[in-house]
Amino acid sequence: MGIRRSLKHLPNILILASLVVVLTDRFPSAHGKSRGSATKDADITPINHDLYHTSGALLEEVESLVHRHPDKLSIETLSGTNKGYKAEITVVTYDRDRKDNDDKAKLRILLTFGQHGRELITTELALRFLSILSEEEFLPNINRSTFNRTLSRLVIKVVPMENLNGRKLVEDGELCERRNGRGVDLNRNWGVDWGKKEKDYDPYEENSGTGPFSEPETQLMRKLSVSFEPHIWVNVHSGMEALFMPYDHKNTTPDGVPSQIMKSMLEALNHIHLKDSCLIGSGGASVGYLAHGTATDYMYDVARVPMAFTFEIFGDLKAPQKDCFKMFNPIDIISFNRVLNNWSAVFFHMFTMGVQQMDGLQSKAVASSFDHWVSIDDYLNGYLMHRKSRYGKKMEVLELGLREIRTYFRLFLLSSVLLLFMFCSRISKSTRPLVSAISL
């Protein structure tokens, strides 16, 4: 997710030595301009255009893919402006049986890629993922009938390139740029613990903006999450290999059975598809520093997404600090395809596990240390997990006990009507003598 993540895995002496080497490259400019000029350095790996699409070409590929498969895919462009700064986000929706089935009975999944401009491999994964969904490409060693049954139970929204403006800066030579088009880190611009700065805060890398959701990109993503109400959220990054769950802003994971289920899923995915190569746990505990204002923490704590993850799909920790393209992206065809194939398999296995959980936990509540966790299938019928927010209060949905509420409401209406009838009858009786006297 950032150079700082890679740095913190290196011994301090190596960090100091490396800083001396790159000091003249980084010190002269307070705005990171020297990073772009570094592309002329023989030690800097340029973008491999034989492997990687430009932003424009990739989005054109995505659009063409959608147009070839209108029965499965649809596309829309969301746009927003703030103080003259404009951003656009492409959103692709996969729903293969949307005309025949009620989408409310399906598992809803929201995936975002390319939140940091320099992480090109994540957007290539988005394209590969959509190609598999459309069945133009296929995962090896997969049961097609099981695969199709799983997909029929899902609605998936994919944001293939969240930070288009930042990506264009990278393509113009700023190979270390992670921020958006006006210098804000989109993964520090969300509302949970926004603006808090650690002792090792890097104002270049972690500029959180003028306020939470100051950036059009984060405003659009928040709006999308509110309207879609996903059950699974994954924010895809590169810079290391990891499967993270909340929290980023503190070095703990959430309490209770839901957290244990998330961790168990990640451990299984890591073992089956990634040869146990990934770090697993909370981002704050695993990386070595805390991150405030991140998307995943907001999705879990505020948007109440039952399963919220951050996937780090590649990182070359041996790459020189200023060689950002190599640090965040595979540079050879073998590594490139291995990353895309392995992580595509991770996604589809995760979806299968989600569907199995819906079926296996139907009409059951799983006991936790503080309350009961209701299955995702129950969530689809109007429930939400009974879990504590970071403020220690239970978060409950208004539709909890909807049937009972309707019953009580009907009884209330019936009682009100009876009381009103009795009141009117009493008034009518009490006024009759007065009317008679007046008539005389």
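The values are calculated or read from the model by the stated rules, or taken from the named source; none is laboratory data. Quick caveat, the model's predicted, so the values are computed rather than measured. Reconstructed Cβ throughout: ideal geometry from the backbone, glycine too, with neighbour counts over all protein chains shown. We work out accessible area using only protein heavy atoms, side chains counted, and drop any ligands, DNA or RNA first. Shrake-Rupley method; radii C 1.70, N 1.55, O 1.52, S 1.80 Å.
Per-structure values
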{"item": "Karplus-derived HN-Hα couplings along the range 165-179 (A = 6.51, B = -1.76, C = 1.60, θ = phi - 60°), whole Hz, x at Gly and Pro", "result": "5, x, 4, 5, 5, 4, 5, 8, x, 7, 5, 9, 6, 10, 7"}
{"item": "For Glu162, residues with placed amide H under 5 Å, excluding near neighbours", "result": "Phe113, Gly114, Gln115"}
{"item": "Electrostatic dipole magnitude of the range 133-193 [Cβ: Lys, Arg +1; Asp, Glu -1; Cα centre; debye, to 20]", "result": "320"}
{"item": "Ranked by how many other beta carbons lie within 10 Å on average, peptides 161-174, 210-223 from highest", "result": "161-174, 210-223"}
{"item": "Neighbour net charge for Thr294 - beta-carbon separation under 12 angstrom, K R +1, D E -1", "result": "-3"}
{"item": "Whole-number accessible area per residue in Å² for the range 232-341, which is evaluated in the context of all protein chains at 1.4 Å", "result": "31"}
{"item": "Whole-Hz couplings from phi, Karplus 6.51/-1.76/1.60, listed for the range 275-289; x for Gly and Pro", "result": "6, 6, 8, 9, 5, 9, x, 6, x, x, 7, 8, 7, x, 8"}
{"item": "With every protein chain in place, the range 89-164: carbon and sulfur % of accessible area (1.4 Å)", "result": "45"}
{"item": "Within the accessible area of the range 197-291 (1.4 Å probe), percent carbon and sulfur", "result": "50"}
{"item": "Sequence of Met353, Met358 from largest to smallest accessible area, 1.4 Å probe", "result": "Met353, Met358"}
{"item": "Approximate spin-label separation Tyr85-Asn141, in nm, with each point projected 7 Å along Cα-to-Cβ", "result": "4.5"}
{"item": "Peptides 68-77, 250-259 ordered by average Cβ neighbours within 10 Å, highest first", "result": "250-259, 68-77"}
{"item": "Greater than 18 Å apart at Cα, pairs in Lys263/Lys318; Lys197/Lys250; Lys199/Lys322; Lys104/Lys157; Lys168/Lys196; Lys86/Lys326", "result": "Lys263/Lys318; Lys199/Lys322; Lys168/Lys196; Lys86/Lys326"}
{"item": "Over the range 196-259, volume per residue of the alpha carbon convex hull, in Å³", "result": "149"}
{"item": "Arg304, Arg128, reordered so the largest accessible area comes first (probe 1.4 Å)", "result": "Arg304, Arg128"}
{"item": "Spin-label pair Lys104/Thr54, simplified geometry with 7 Å Cα→Cβ offset, distance in nm", "result": "4.6"}
{"item": "Accessible area in the full protein assembly, largest first, 1.4 Å probe, for Trp343, Trp194", "result": "Trp194, Trp343"}
{"item": "Ordering of 230-239, 149-158, 55-64 by burial proxy (mean other Cβ atoms within 10 Å per residue, highest first)", "result": "230-239, 149-158, 55-64"}
{"item": "With DNA, RNA and ligands ignored, accessible area of Arg96 (1.4 Å probe; Å², nearest 10)", "result": "60"}
{"item": "Viscosity 0.890 mPa s, temperature 25 °C, Stokes-Einstein D of the range 251-337 from Kirkwood C-alpha radius, µm²/s", "result": "164"}
{"item": "Rounded, prolate or oblate (a/c below 1.5 giving rounded, otherwise prolate when a/b exceeds b/c) for the range 128-222 by Cα gyration tensor", "result": "prolate"}
{"item": "Charge context of Lys86, other residues only, Cβ under 14 angstrom, K/R +1, D/E -1", "result": "0"}
